[in-house]
Ligand SMILES: [Cu+2]
């Protein structure tokens with residue numbers, strides 16, 4: 001009997017080790033992680049792509065409309081210069097033996113004309129018969145001559161102060177058009 005007990009003491013743990021080792025290896029878990037990754041991706045991505053293609057068509061159709069309104073504004077702008085043309089025209093004029101600078105003055109009908117004139121040497125004059133202008137120009141001093149150009153045509157301005165041998169040829173032209 002003592003021999004059997006001694007064998008059981010050795011055999012029992014050996015059987016227990018076999019039982020645990022086989023059970024643990026058989027129940028060991030390699031599989032469950034692979035099955036979880038597959039399902040979520042397929043269906044919703046196709047619907048997002050379909051809605052993205054419809055958006056750019058809306059923006060291109062709305063853009064061409066503002067160009068037609070800009071063209072309408074451009075046609076109203078050219079009317080303005082005709083009213084500005086009747087504004088004040090300021091002209092600087094110098095007289096010397098025996099000419100004027102400038103010798104031709106161009107203005108528009110209806111302009112208010114302001115000529116600031118001076119002599120560079122001896123006393124001269126500035127006269128336009130048709131506009132009733134008869135001014136004397138002292139040397140080195142500004143004389144302001146103002147009038148409204150209400151008569152169209154070409155008018156001679158001339159020196160009305162005897163100033164030397166070329167006095168009678170000292171002339172210029174006022175052109176009102
Ligand atoms: Cu003169």
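Nothing in this text is a laboratory measurement; each read-out follows from the coordinates by a stated rule. Keep in mind the model is a prediction, meaning the values are calculated, not measured. Every residue, glycine as well, gets a Cβ built from its backbone with ideal geometry; the counts of neighbours run over all protein chains shown.
The table that follows gives values for the structure above.
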quantity	calculated
Extension reserve of the residue 97-residue 114 stretch, reckoned as 0.36 nm per residue once the Cα distance is removed	3.8 nm
Exposure proxy ranking, count of Cβ atoms within 10 Å, fewest first, for 168, 114	168, 114
For segment 84-176: rounded, prolate or oblate by the Cα gyration tensor [a/c cutoff 1.5]	prolate
Residue exposure sequence - 121, 150, 111 - by fewest surrounding Cβ within 10 Å	150, 121, 111
Neighbour-count order for 122, 144, 113, fewest beta carbons within 10 angstrom listed first	144, 122, 113
Net lengthening on full extension, residue 168/residue 130 (0.36 nm per residue, minus Cα-Cα)	11.8 nm
